1. Which residue fluctuates most in the GNM of the chain (Cα springs below 10 Å): 234, 266, 104?
2. Need one number: nm distance between label points at residue 271 and residue 294, each 7 Å from Cα along Cα→Cβ, rounded to one decimal.
3. Which three lengths, in whole Å and largest first, does the range 192-326 cover when its Cα atoms are put on their principal axes?
4. Cut-off under 20 Å on the C-alpha distance; same-chain residues fewer than 8 positions from residue 147 excluded. Which lysines are left, in chain and number order?
5. More than 29 angstrom separation, counting every C-alpha pair in the chain; what % is that?
6. Please report the equivalent ellipsoid semi-axes of the range 262-327, computed as sqrt(5 x eigenvalue) of the Cα gyration tensor, largest first, in whole Å.
7. Assuming 0.36 nm per residue, please report the length gained on full extension of the stretch residue 258 to residue 153 beyond their Cα-Cα distance.
8. Can you give me the P(r) profile for the range 93-246? Cα pairs, bins 5 angstrom wide beginning at 0, each as a whole percent.
Amino acid sequence: MKAPVRPIALGRLSLANNLTLAPMAGYTQRAQRLLARRYGAALCWTEMISAYEVLRPGRKTKKMLLILPEDRPLGLQIFGSDEKMLADAAAAAERLGVFDAIDVNLACPVRKIIGHGNGGAMLRKPEAALGILARMRAATALPLTIKVRRGFSDSPEDRRLVEELLLGADRLGLDGVTIHGRTVEQIYHGAADWTFVYEMAARLKMAVFGSGDLMTGQQIIDRLSGGPVAGVAVARGAVGQPWIFREALALAAGSAVEPISSAERVEVMFNHFDLLRDEVGDYTAVRVMRRFGMFYSRRIGRAREARLAFGLAKSREDLAGVIKEFFM
Ligand SMILES: Cc1cc2nc3c(=O)[nH]c(=O)nc-3n(C[C@H](O)[C@H](O)[C@H](O)COP(=O)(O)O)c2cc1C
């Protein structure tokens, strides 16, 4: 049997291991990515960016597209439903010279996105999705991947449509797929079902990454050992605990997992804020860090009070005060 954690290839890209940080809107900024890398994630993704914005970036997107050398290998995730625009965006992204892979979001359950026929709505239109992917495949030499859910709903017809899409993408020569084991209709409710993930991993040539409910290092190892996936995409489990990758690596090496020390957690939090500040400036960094504070507060005593205090922080000094009071 293959080792659960192992080096893999994604198209022409060689990855040191098969642990990746999944794209998360509002969370996988550069700061989160650099922390994930420090603890062992071999590949990170940007949050989803519309193909339109990639081609005509506004101020916020321009910042997102500023990539540091230490933030690679990095994949760009894009969404949209216009063939030409997506193909042009893929070519434009490649020309930027800072991305190592391109992923198309065919999974997002947010109403506004689906309403425009994007994200998860594409799962019900495999023919249109494959038309887009064929043009993108021709437009870029970068590794090209997609992100899907296991169906729009639980109906057999929706499952069939996703299968059709995945088998078609495989024939087009895509390099990988991340399958989230929930349906679009589930949004984030209920447990992720990995049965479909494993079944498709056994049938597809391209690399299959599983996603859903990877909240501890042990769960990562269990899922990697449970079926023929190439790797995993860790999402919420890495928010507020980027050291989850180190835990998985330790378990894979047969070592025991030590709970993170208070001192290290505090160091990570200060680091996280400083990285955010470099990226988005003081004002936004404080607001984003409030959100992360909610997650760093998992598994500490007085978590509720810490969360309330984070919610009220207005400056770096306020954040530092909360960290000192509740985390040291
Ligand atoms: C706040 C949030 C934002 C997300 N944004 C994206 C996104 O931009 N693109 C995407 O493909 N998936 C996105 N996802 C889905 C995750 O990548 C992942 O597939 C999902 O959270 C399941 O994994 P988990 O149960 O381990 O969190 C997002 C998830 C969350 C919680």
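1. For the chain, modelled as a Gaussian network with Cα springs under 10 Å, the answer is 266.
2. Each label point is offset 7 Å from its Cα along the Cβ direction, giving 2.5 nm.
3. So the extents along the principal axes, rounded to whole Å, are 53, 31, 25.
4. 84, 112, 125, 205
5. Numbers: 19510 of 53628 pairs.
The calculated P(r) of the chain puts 36 percent of pairs beyond 29 Å.
6. On the way: eigenvalues 65, 32, 17 Å².
Its equivalent ellipsoid spans semi-axes of 18, 13, 9 Å.
7. Numbers: separation 105, 0.36 × 105 = 37.80 nm, distance 3.97 nm.
Here the answer is 33.8 nm.
8. Pairs per bin, as whole percents: 2, 10, 19, 21, 21, 16, 9, 3, 0.
We did not get these values from a lab; they are worked out from the coordinates using the rules stated. This structure is a prediction, so every number in the text was calculated from the model and none was measured. Positions of Cβ are generated from backbone atoms using ideal geometry, with glycine treated the same way; all protein chains shown enter the neighbour counts.
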